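First comes the structure, then the notes that go with it.
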Ligand code: UT7
């Protein structure tokens, strides 16, 4: 398969570090030096499903394709207002598609997992055109009085349309259960029979453990896709990494020994929008004219689970 169209949407409200410092014991200096984030887009009046539909429509327009041409929709989402129906069904109706669709929750690595699922469908000969939409509102997961988490995140939706081709050179996924490092749980409806203890807990994170995992996993995943295709790090034109923290991006860059110009970033004004990071960055690079036909792109992401993955593809 190959990527033939991209789209992205960000919420209108921009929250700067100084705005956070008005109600949190934090500072622009701390957030900037520890994370690289200066501001983030935060949902206020928008509905996540509308942003997802807009991003999907932009990607379809970019691909010159109609919703009725789609054979499958994969939506990556960690949380949204609906427990059911699945977000992909809402997107399907919103864009006017009729094909089957599924949601996946692979945290921040969702776009890479979605690509791997799509690739399997292509290899099985089941699809011609596939839409991937990543739509996330992590700012609704954090406790906004917890300076360790809420300063990191922003919201957004990113989409990509896939068509037949052989531009995907390799995808590698990995998962390793570490459920106390990055987690959140919510209460379900009570019943007359529940006897177990249940709790509603906002996003919890052991930041340094996640940091170490991220650098190690991304380095390993990218090395695996390079080795499988017999490529060297210097042959890659662009490294599109999950935008969680500029220090994580810099550490992966050091590990690969590649120049900073190959690592486009938007973490400074987007923050971490979970699985939406990768397709939003892809869309921004594409629309700014950064990619040339035939450029080699390595993309990598990691997230809660832990899960991680990398993909090597030609533009
Ligand atoms: O998609 C995956 C999602 N998560 C990640 O990728 C997160 C990965 N981890 C990280 O990015 C970093 O670990 C953080 C940015 C979360 C934290 O940076 P750190 O350099 O690991 O800082 P730390 O957790 O060791 O905290 C250092 C100090 C602590 O104070 P004490 O205990 O040394 O007195 C924190 O309480 O900084 C304090 N701190 C803050 N200070 C001001 C933590 N958050 C803040 C804050 N403002 N927002």
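Below, the figures for the structure above:
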| item | result |
| --- | --- |
| Residue check for residue 31: within 30 Å of residue 162 (Cα to Cα), modelled with pLDDT of 95 or more and out of contact with any strand residue (DSSP E or B) (no Cβ under 8 Å at 6 or more places or on another chain) | no |
| Flag if residue 26 is within 16 Å of the ligand (Cβ to nearest atom) and either part of a loop (DSSP other than H, G, I, E, B) or closer than 30 Å to residue 117 by Cβ (or both) | yes |
| Subset of the range 16-25 [crowded, with 16+ Cβ neighbours inside 10 Å and over 12 Å from residue 144 (Cα atoms)] | 17 |
| Single match in 311, 225 (criterion: farther than 28 Å from residue 185 by Cα, in a helix (DSSP H, G or I), away from the ligand (no atom under 15 Å from the Cβ) and touching a strand residue (DSSP E or B) at 6+ places or on another chain (Cβ under 9 Å)) | 225 |
| Residue list for the range 54-80, filter: surrounded by fewer than 20 Cβ atoms within 10 Å (Cβ to Cβ) and either at pLDDT below 95 or within 20 Å of residue 165 (Cβ to Cβ) (or both) | 61, 62, 64, 65, 66, 69, 71 |
| Positions within the range 196-217 being more than 8 Å from the ligand (Cβ to nearest atom) and in a strand (DSSP E or B), in sequence order | 201, 202, 203, 204 |
| Members of the range 147-172 that are within 16 Å of the ligand (Cβ to nearest atom), more than 22 Å from residue 5 (Cβ to Cβ) and assigned to a strand (DSSP E or B) | 153 |
| Any hit, the range 281-291, residues being modelled with pLDDT of 95 or more, within 16 Å of the ligand (Cβ to nearest atom) and in contact with a helix residue (DSSP H, G or I) (Cβ under 8 Å, 6 or more places away or on another chain) | no |
| Flag for residue 243 being at pLDDT 95 or above, in contact with a helix residue (DSSP H, G or I) (Cβ under 6 Å, 6 or more places away or on another chain), under 24 Å from residue 156 (Cα atoms) and not in a helix (DSSP H, G or I) | yes |
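The values are calculated or read from the model by the stated rules, or taken from the named source; none is laboratory data. Please read all numbers here as calculations on a predicted model, not as lab measurements. Note that we place each Cβ from the backbone using ideal geometry, even for glycine, and neighbour counts take in every protein chain shown.
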